[in-house]
Each structure stands twice: as C-alpha cells, then as structure tokens.
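Visitor: I am attaching a structure below and will ask some questions about it afterwards.
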Amino acid sequence: MNGPVPDSSGPARRAEVCAVVLAAGAGTRLRPLTERVPKALCPVGNVPLLDRALARLAGLGLTGPELVAVNACYLGDQVTAWVGDRAHLSVEPGEPLGTAGGVGRLRDWIAGRGVLVANADAYLADPAAPPGPDVAALCDGWDGRSVRLLGRPADDPAAPGTFAGHRFAGLSLLPWRLVRDLPATFDELVRAVWRPAEAAGALTVVRYRGTFYDTGTPADYLAANLHAAGPAGLVDPSATVDGPVTRSVVGAGARVHGAVDRSVIWPGATVAAGERLDGVIRAGADLTVPAAR
C-alpha cells in the first residue's frame, strides 16, 4: 500500500512508506506511574502519548491498519484495547523485543515498504507547523535507500549517543533493504541499523526545529506536560477544582481541593483539601511522584 509522503519541492508524492509506532516498552524509568498504565498511554497535556504519535502520522497521510502498525507487550491489553481498529497490532509475547526486534516481528506486514518508526514516548511540538507537517522534512525527497533520523542539536555535540552532533528525537525512516533481515528477537535499532548505516555513510540527521522531550523520566514527563499546557495551564472541563491551580495540567474527572503548582494531576486523581503539590505527578488518590528537575 502506498502511503502519501509530503514533498516540499512540489505536490504530494506517493512513496512506498508505512509507519510503526513503538509502544511495547515497560517504561521502567517512569515507575511507579507505569506500574498502572503503559508509558504509551501516559497523558501529556491530557492526550495519551500514543494518540499524539498517531495524530502526527495522520498529519503525514498515514492512517489505518494497512499503513500504520503499533506494537505492544508490557500491559499490552491496555494498548490493544486503546488502539482498537485504528492500526495493525503486533503483540509481542513474553518480554518486549526492543526497537529492532519489534520492527523485525512486523516484516511480513511491512512487506517491501520503507518504514517510518516512531517512538510512542516522543513529545514533539513546533509552533510553526502542526503535527505531521512538522516532521515532513524527514520524508521529503527520500531516496528509499538511506537511513534518516530526526534530531535536535545536542548540548555537547560530541557526547556519546549523538548523531552528527544531534540527539535522536523519536522518529527514524528506514529502507526495506535494512528491515527485511531484522529478526524477531531482542535488539535495538541503534545497534542493528543506525550505527552501521552511519559507518557506511548512509545515515542523515534531519533537524527538528520545535521542542522535543522523550518523556522517559518523571522530570522530562513533567516538562513535556508543562510545555503542552502553556503558561496558563490546562484543566479538563470535567475536573472539579476548588483549590488554587497554577501552571499545571489537570485531567478529566480529577478532583482538586488542595493547592497545585507546576504539576500533573492524572484523570480521575484526587488532591485532598490541605495538600500542596509542587513539581509532582499525582495518580489516583495515593500516588505522588516527584518530578521537578
């Protein structure tokens, strides 16, 4: 199936591209939040991260189970129920297969196409372009053979883990020639695909001009939420709030009777009268995770 990929040099072209959203990980750095909810379904700005990823792909013209796949493993029943029929589902048995193994398990579905791989936990926001068009440069003019990574300039361009002085920003574009031999066993794309392509001179980093957080730690997860909310904060209309709330995100059905500043209150969570929360994530009535840097 051909997936439309925008080309800034002219009208939209058709290219053999599909997309895979990686949502199988256990999110160990976000525990204990991810003991209840898989990382891909943790809300940022009151929108689950997975929905943000799917919306970005839709902005590129990639929608539906013929063009988009989502893998699941840890708390996979929650992920599959949430995705429903919006994408092809790949449920990994046992432990997660890693970023390369997850793609390898989808080889028969990818079936000769290039694949845009998106980390579900990547928060991206560009005030100059909506989701989809903001990353279109990753696909524009692609030759179908090289590897492309979305990147943000690193504070230390020579730091380990960087690519051409950039930090990986959650999306990569892979040719079929490098996907077809990936086994459905544990491995990571950085080792199996990206570094070998870099060594062969076949890897390009495309700069992302907006804001990026990988949301993998409580501090980055909080920062992404505060960025999504803006200076005025974000309170779901169904929340009950009779305490002071500043610069925070309050989810659907939450009940806030205490004071909240620069924090995230998950859907359905409770802040009791007399409580003062600052720089934390509150889930339920009893879980508070410090998150300030």
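The values are calculated or read from the model by the stated rules, or taken from the named source; none is laboratory data. Keep in mind it's a predicted model, so treat the numbers as computed, not measured. Note: ideal-geometry Cβ built from the backbone for every residue, glycine included; neighbour counts use all protein chains shown. Quick note on the areas: whole protein, heavy atoms, side chains included, nothing else; ligands and nucleic acids left out. Shrake-Rupley method; radii C 1.70, N 1.55, O 1.52, S 1.80 Å.
Visitor: Any residue that is surrounded by fewer than 24 Cβ atoms within 10 Å (Cβ to Cβ), on the phi > 0 side of the Ramachandran plot and outside any loop (DSSP other than H, G, I, E, B) - is there at least one of those in region 55-64?
Guide: no
Visitor: Can you pull out the helices (runs of 4 or more DSSP H) entirely within region 73-129 that have at least 2 residues that are touching a Ser or Thr at 6+ places or on another chain (Cβ under 8 Å)? Can you show your working first?
Guide: Values: elements: 76-83, 98-104, 107-110.
Here the list reads 98-104.
Visitor: Mind checking which residues of region 143-157 are open to solvent by 30 Å² or more (accessible area, probe 1.4 Å) and either in contact with a His (Cβ under 7 Å, 6 or more places away or on another chain) or hydrophobic (A, V, I, L, M, F, W, C) (or both)?
Guide: First, the residues of region 143-157 that are open to solvent by 30 Å² or more (accessible area, probe 1.4 Å): 143-145, 148, 152-153, 155-157.
Those that are open to solvent by 30 Å² or more (accessible area, probe 1.4 Å) and either in contact with a His (Cβ under 7 Å, 6 or more places away or on another chain) or hydrophobic (A, V, I, L, M, F, W, C) (or both): Arg152, Pro153.
Visitor: Kindly check whether there is at least one residue in region 87-104 that is within 17 Å of the chain's Cα centre (by Cα), within 22 Å of Ala224 (Cα to Cα) and open to solvent by 10 Å² or more (accessible area, probe 1.4 Å).
Guide: No, region 87-104 has no match at all.
Visitor: For region 197-218, give me each residue that is within 17 Å of Ile281 (Cα to Cα) and crowded, with 16+ Cβ neighbours inside 10 Å.
Guide: So in region 197-218, the residues within 17 Å of Ile281 (Cα to Cα) come out as 213-218.
Those that are within 17 Å of Ile281 (Cα to Cα) and crowded, with 16+ Cβ neighbours inside 10 Å: Tyr213, Asp214, Thr215, Gly216, Pro218.
Visitor: Looking at (1) more than 14 Å from Ala23 (Cβ to Cβ); (2) in contact with a helix residue (DSSP H, G or I) (Cβ under 9 Å, 6 or more places away or on another chain), can you tell me which one His88 breaks?
Guide: (1)
Visitor: Still on this structure, please answer the following. Pairs please, first residue from region 235-246 and in contact (Cβ under 8 Å) with a residue 12 or more places away in the chain and of a type in the set (D, E, K, R), second anywhere and open to solvent by less than 70 Å² (accessible area, probe 1.4 Å) and in a strand (DSSP E or B), Cβ atoms under 8 Å, 6+ apart in sequence or on different chains.
Guide: Asp236/Val250; Asp242/Val256
Visitor: Another question about this same structure. Give the residues of region 219-238 that are of a type in the set (Gly, Ala, Ser), open to solvent by 30 Å² or more (accessible area, probe 1.4 Å) and modelled with pLDDT of 95 or more, sorted by residue number. Show your work before the answer.
Guide: Step one: filter region 219-238 for residues of a type in the set (Gly, Ala, Ser), giving 219, 223-224, 228-230, 232-233, 238.
Retained after the next criterion (residues that are open to solvent by 30 Å² or more (accessible area, probe 1.4 Å)): 228, 232, 238.
Within region 219-238, Ala228, Ser238 meet the criteria.
Visitor: Being loosely packed, with under 14 Cβ neighbours inside 10 Å and aliphatic (A, V, I, L, M) narrows it down to one residue among Ala111, Ala137; which is it? Step through it out loud before you land on a result.
Guide: On the way: Ala137 fails: loosely packed, with under 14 Cβ neighbours inside 10 Å.
Of the residues listed, the single one that is loosely packed, with under 14 Cβ neighbours inside 10 Å and aliphatic (A, V, I, L, M) is Ala111.
Visitor: For the subset of region 17-36 comprising residues that are out of contact with any helix residue (DSSP H, G or I) (no Cβ under 7 Å at 6 or more places or on another chain), modelled with pLDDT of 90 or more and part of a loop (DSSP other than H, G, I, E, B), which member is least open to solvent (accessible area, probe 1.4 Å)?
Guide: Our first condition is that a residue be out of contact with any helix residue (DSSP H, G or I) (no Cβ under 7 Å at 6 or more places or on another chain); within region 17-36, this holds for 17, 28-29, 31-36.
Now narrow it down to the ones that are modelled with pLDDT of 90 or more: 17, 28-29, 31-35.
In the following step, the residues that additionally are part of a loop (DSSP other than H, G, I, E, B) were identified as 31-32.
Working: Arg31: 113, Pro32: 44 Å².
Top of the filtered list is Pro32.
Visitor: Taking the conditions exactly as written (in a loop (DSSP other than H, G, I, E, B) and either aromatic (Phe, Trp, Tyr) or free of Cβ contacts under 8 Å to residues at least 12 places away in the same chain (or both)), does Phe168 satisfy them or not?
Guide: Details: in a loop (DSSP other than H, G, I, E, B): no; either aromatic (Phe, Trp, Tyr) or free of Cβ contacts under 8 Å to residues at least 12 places away in the same chain (or both): yes.
Considered against the rule, which asks whether it is in a loop (DSSP other than H, G, I, E, B) and either aromatic (Phe, Trp, Tyr) or free of Cβ contacts under 8 Å to residues at least 12 places away in the same chain (or both), Phe168 comes out as no.
Visitor: Here's a follow-up. Determine, yes or no, whether Pro160 is assigned to a loop (DSSP other than H, G, I, E, B) and either within 18 Å of the chain's Cα centre (by Cα) or crowded, with 22+ Cβ neighbours inside 10 Å (or both).
Guide: No; evaluated as a whole, the condition is false for this residue.
Visitor: Separate question: Residue pairs, Cβ under 8 Å, 6 or more apart or interchain, first in region 146-164 and more than 12 Å from Tyr208 (Cβ to Cβ) and polar (S, T, N, Q), second open to solvent by 60 Å² or more (accessible area, probe 1.4 Å) and not in a loop (DSSP other than H, G, I, E, B). List them.
Guide: Correct list of pairs: Ser146/Thr204.
Visitor: Quick one: in region 261-293, which of the residues that are more than 21 Å from Ala224 (Cα to Cα) and of a type in the set (D, E, K, R) is nearest to the chain's Cα centre (by Cα)? Quick ask: steps written out before the conclusion?
Guide: The first filter runs over region 261-293 and keeps only residues more than 21 Å from Ala224 (Cα to Cα), leaving 270-276, 285-286.
Those still in the list that are of a type in the set (D, E, K, R) too: 275-276, 286.
On the way: Glu275: 32, Arg276: 30, Asp286: 27 Å.
Here the residue is Asp286.
Visitor: Among the residues of region 244-259, is there at least one that is open to solvent by less than 10 Å² (accessible area, probe 1.4 Å), among the hydroxyl-bearing types (Ser, Thr, Tyr) and either within 26 Å of the chain's Cα centre (by Cα) or under 21 Å from Arg36 (Cα atoms) (or both)? Give the steps one after another, and end with the answer.
Guide: First pass over region 244-259, keeping only residues open to solvent by less than 10 Å² (accessible area, probe 1.4 Å): 248-251, 254, 256, 258.
Then keep just the ones that are among the hydroxyl-bearing types (Ser, Thr, Tyr); that gives 248.
Of the ones still in play, those that are also either within 26 Å of the chain's Cα centre (by Cα) or under 21 Å from Arg36 (Cα atoms) (or both) are 248.
The answer is yes; a qualifying residue exists.
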